[in-house]
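Read the structure below first, then the notes.
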Amino acid sequence: MSRMHYSHPNYLPRFACNQGLSLIEVMVSLLIITIGIVGFGMAIPLQKDNVEAMQEKRIALLLAKQMMEEIQAKAYEDSNQTPVLFGLEPGEDAPRINFDDVDDYNDWDKNPPQYPDGTILNDESETPDYQGFRRRVVVENVTDYDYGNIQLDGTTNSKRITVTVSSINDPKLFDDIVIMWVANREGMELLY
């Protein structure tokens, strides 16, 4: 019996010999990697702007809620004033610590915001730096059956209070924060 001896051919197929990368393949790979790095690099500043905008909006909401809670803790009207006046009564001027009823806050407009005792929130005297924020309050007499109907003569039992916190920076990082509710002798109703 004869044995067959198999030997490898002296040649290999061409694709088996090409085990390296061609210059074109290297260039295409570098182009793809470069596009990815540039895209990632452009996303970082956008993400930073989004984080800053969220922080600004959170502070604005905090400032609006703080003012809302302060006003809600006040009486509906000044009990020792006859006739009842709308707005500040004689001797009741800033700081807000002197305000004793909700309509005393009408037309309150401060930048930067302040604590009730008048301390300005501007990063001095260990206060937070809220110089980029403006806080406004509008109080209006409204009809008892339609809170959208302003009653200028003050003969209603309802007052609509609007607190707005806005950015004075350009560009603005957030839309104005607005909290609105109605106060009456029976209590308060949050509108939005």
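The values are calculated or read from the model by the stated rules, or taken from the named source; none is laboratory data. Predicted, not measured: the structure shown is a model, and the values here were computed from it. Reconstructed Cβ throughout: ideal geometry from the backbone, glycine too, with neighbour counts over all protein chains shown.
Would it be correct to say that Lys159 is under 16 Å from Met67 (Cβ atoms), surrounded by 16 or more Cβ atoms within 10 Å (Cβ to Cβ) and in contact (Cβ under 8 Å) with a residue 60 or more places away in the chain?
Numbers: under 16 Å from Met67 (Cβ atoms): yes; surrounded by 16 or more Cβ atoms within 10 Å (Cβ to Cβ): yes; in contact (Cβ under 8 Å) with a residue 60 or more places away in the chain: yes.
Considered against the rule, which asks whether it is under 16 Å from Met67 (Cβ atoms), surrounded by 16 or more Cβ atoms within 10 Å (Cβ to Cβ) and in contact (Cβ under 8 Å) with a residue 60 or more places away in the chain, Lys159 comes out as yes.
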Give me the pairs: first residue in the stretch 166-179 and surrounded by 12 or more Cβ atoms within 10 Å (Cβ to Cβ), second residue charged (D, E, K, R), beta-carbon distance under 6 Å, and six or more apart or on different chains, which are they? Ser166/Arg134; Ser166/Asp176; Leu173/Glu56; Phe174/Glu56; Phe174/Lys57
Where the second residue is charged (D, E, K, R) and the first is under 20 Å from Asp107 (Cβ atoms) and lies in the stretch 125-137, which pairs have Cβ atoms under 6 Å and are six or more apart or on separate chains? Arg135/Lys110; Arg136/Asp109
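Let's see how each residue does on (1) within 17 Å of Ile161 (Cβ to Cβ); (2) exposed (fewer than 11 other Cβ atoms within 10 Å of the Cβ); (3) modelled with pLDDT of 65 or more:
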{"position": "Pro9", "(1), (2), (3)": "no, yes, no"}
{"position": "Val51", "(1), (2), (3)": "no, yes, yes"}
{"position": "Lys65", "(1), (2), (3)": "yes, no, yes"}
{"position": "Ser79", "(1), (2), (3)": "no, yes, yes"}
{"position": "Asn106", "(1), (2), (3)": "yes, no, yes"}
{"position": "Pro113", "(1), (2), (3)": "yes, no, yes"}
Can you confirm whether the stretch 84-91 contains a residue that is within 25 Å of Asp176 (Cα to Cα) and in contact (Cβ under 8 Å) with a residue 12 or more places away in the chain? yes
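Within the stretch 81-94, take every residue that is among the hydrophobic types (A, V, I, L, M, F, W, C) and surrounded by 16 or more Cβ atoms within 10 Å (Cβ to Cβ) and give me the one that is modelled with the lowest pLDDT.
Taking the stretch 81-94 first, the residues among the hydrophobic types (A, V, I, L, M, F, W, C) are 84-86, 88, 94.
This time we only want the ones that are surrounded by 16 or more Cβ atoms within 10 Å (Cβ to Cβ), so: 85-86, 88.
Working: Leu85: 72, Phe86: 77, Leu88: 76.
Ranking the candidates gives Leu85 first.
For (1) among the basic types (Lys, Arg); (2) under 16 Å from Glu70 (Cβ atoms); (3) part of a loop (DSSP other than H, G, I, E, B), each residue gets a yes or a no:
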residue	(1), (2), (3)
Glu124	no, no, yes
Val137	no, yes, no
Glu140	no, no, no
Thr164	no, yes, no
Asp170	no, no, yes
